[in-house]
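Scroll down for the structure; my scribbles are underneath it.
Nothing in this text is a laboratory measurement; each read-out follows from the coordinates by a stated rule. Note that the structure is a prediction, hence the values are computed from the model and not measured. As a convention, Cβ positions derive from the backbone with ideal geometry for all residues, glycine included, and neighbour counts pool all protein chains shown.
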Amino acid sequence: MSKITTPRILVTGALGQIGSELTLGLKDRYGAGNVIATDIELDTKKKLSGMVLFERLDVLSLESIDARVKKHRINTIYHLAAVLSAKAEKEPQRAWKLNMDGLINVLEVARANLCSVFFPSSIGAFGPSTPLNGTPQDTIQRPQSIYGVTKVAGELLCDYYVKRFTVDARGVRFPGIISNGTLPGGGTTDYAVEIFFAAIKEKKYSCFLKQGTSLDMMYMPDAIKAAISLMEADSANLKHRNAFNVTAMHFTPEELAAEIRKHIPDFIMDYRVDPTRQKIADSWPNYMDDSAAREEWGWKPDYDISAMTAEMISVLRGKHAQGLL
């Protein structure tokens, strides 16, 4: 990635799984003084405090977002605040309100202050009528979860603000994200993170998705790379603006367990299926076609399942030895 004019960045949902690590990736790329981290929660666990400026922010308050943007002379917003898939099914009204009102508030502030916006969509934006294998960039989107409904609506809303108000809104459809830094917070692909922590600590794991459930996945460094690369891309090359399919690997729970056993031979896994998350997973693609992202802004992942597993095991073993897990 080539350097561009340094942006002034506001991150919402900065204490979440993706937000906490993307914020640090942005800090490393653009400097701590150019990144403002925000979340409705306080940084009591000190994920970001001391590394970037952190402020409490409720994205349901347009006035509060606008005040932060003006105060810090923000020109780029990475909007990550959202209720994730499994939690959203338990509180659909709250999920709709936060996911949709938060996004339109951010887009309105961006329109008024000439900011660019990054909005992450998801494989959750697809449904059972979508082609499961090699899911196209442009295809049928009829999700059956409230999370997916908000993601499709968010994609359309961002496109509307691009065309109607020329807001520079861009986004990707993330697959499941695997991280050694922050435990996930209520997603359908969370097993692919939990399994590593359990393998290191207990050498066993009970998977909440059934055997044979294939889903797209991505290692966190690639997710950070995708978000930053898209925002740095020359807009003249973008035929699409929002919801680029991006992926790095796809696998089933038993395939991931087999990869882990290459490093921890006595690891065992059984299944205790969560019907809610299984139903959501069954409606999602087995794997997406991300050729549009590759062609329009040069997307290419760095990690496959083998490289990701080796690094996850190495990092988590080190943390466990230090008593940090």
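Please report, to two decimal places, log10 I(q)/I(0) for segment 162-215 at q = 0.13, 0.22, 0.26 Å⁻¹ as given by the Debye formula with identical point scatterers on the Cα atoms and no solvent.
Taken in order of the listed q values, log10 I(q)/I(0) reads -0.47, -0.89, -1.12.
Rule-of-thumb check for segment 78-211: C-alpha Rg over 2.2 N^0.38 Å?
1.17
Choose one answer from 67, 82, 37: the residue with the largest mean-square fluctuation in a GNM of the chain with alpha-carbon springs under 10 Å.
Result: 67 has the largest fluctuation of those listed.
With N set to the number of residues, divide the alpha-carbon radius of gyration of segment 38-84 by 2.2 N^0.38 Å and report two decimals. Don't skip to the answer; put the middle values down first.
Details: Rg = 11.2 Å, N = 47, 2.2 N^0.38 = 9.5 Å.
My calculation over the Cα atoms of segment 38-84 gives 1.18.
By how many degrees, between 0 and 90 and to the nearest 10, does the Cα long axis of helix 191-201 differ from the longest principal axis of the chain?
Approximately 60 degrees, to the nearest 10.
Can you give me the Kirkwood hydrodynamic radius for the chain, using every pair of distinct Cα atoms, in Å to one decimal?
Values: mean 1/r = 0.0501 Å⁻¹.
With all distinct Cα pairs of the chain included, I get 19.9 Å.
Would you mind telling me the antiparallel percentage of the DSSP bridges in the chain, rounded to 5? Don't skip to the end; give the middle numbers.
Values: 3 of 33 bridges.
Of those bridges, close to 10 percent are antiparallel.
Helix-only mean residue ellipticity at 222 nm, the chain, DSSP H runs n ≥ 4 weighted -39,500 (n - 2.57), per residue, nearest 500. What is it?
Per the formula, -12500 deg cm²/dmol.
Any idea what angle helix 62-71 forms with the longest principal axis of the chain, computed on alpha-carbon atoms, 0 to 90 degrees, nearest 10?
70
Please give the direction-averaged projected area of the C-alpha convex hull for segment 245-325, in square nanometres with one decimal.
Hull-based average projected area comes out at 7.4 nm².
Show me the ranking of peptides 288-296, 234-242, 272-280 by mean Cβ neighbours inside 10 Å, starting with the highest.
288-296, 272-280, 234-242
Which semi-axis lengths, in whole Å and largest first, follow from the square roots of five times the eigenvalues of the Cα gyration tensor of segment 165-321?
Each semi-axis is the square root of five times an eigenvalue, giving 30, 17, 13 Å.
Return an integer: the convex hull volume of the alpha-carbon atoms of segment 168-258, in Å³ per residue.
Measuring per residue, one finds 108 Å³ for the Cα hull of segment 168-258.
Using Cα centres only, tell me the gap between segment 186-211 and segment 41-65 in whole Å.
Cα centroid to Cα centroid, the span is 29 Å.
Convert each backbone phi in segment 164-177 into a coupling constant with the Karplus relation 6.51 cos²θ - 1.76 cosθ + 1.60 (shift: θ = phi - 60°), then list the ³J(HN,Hα) values in order as whole Hz, x for Gly and Pro.
Running phi through 6.51 cos²θ - 1.76 cosθ + 1.60 with θ = phi - 60° gives 7, 10, 6, 5, 7, 9, 9, x, 10, 9, 6, x, x, 10 Hz.
What Kirkwood radius, in Å to one decimal, follows from the Cα pairs of segment 42-123?
After inverting the pairwise mean of 1/r, the radius is 13.9 Å.
Report Rg (one decimal) and Dmax (nearest whole number) for segment 81-138, counting Cα atoms only, units Å.
Considering segment 81-138 through its Cα atoms, Rg and Dmax are 14.4, 41 Å.
Averaging sequence separations of C-alpha pairs under 8 Å and six or more residues apart, then dividing by the length of the chain, give the relative contact order as a whole percent.
18
Extent of segment 281-325 along each principal axis, from alpha carbon coordinates, in Å, largest to smallest?
Computed over the Cα atoms, the extents are 43, 30, 17 Å.
Using only the Cα atoms of segment 1-92, what semi-axes does the equivalent ellipsoid have when each is the square root of 5 times a gyration tensor eigenvalue? Give whole Å, largest first.
Values: eigenvalues 99, 47, 34 Å².
After diagonalising the Cα gyration tensor, the semi-axes are 22, 15, 13 Å.
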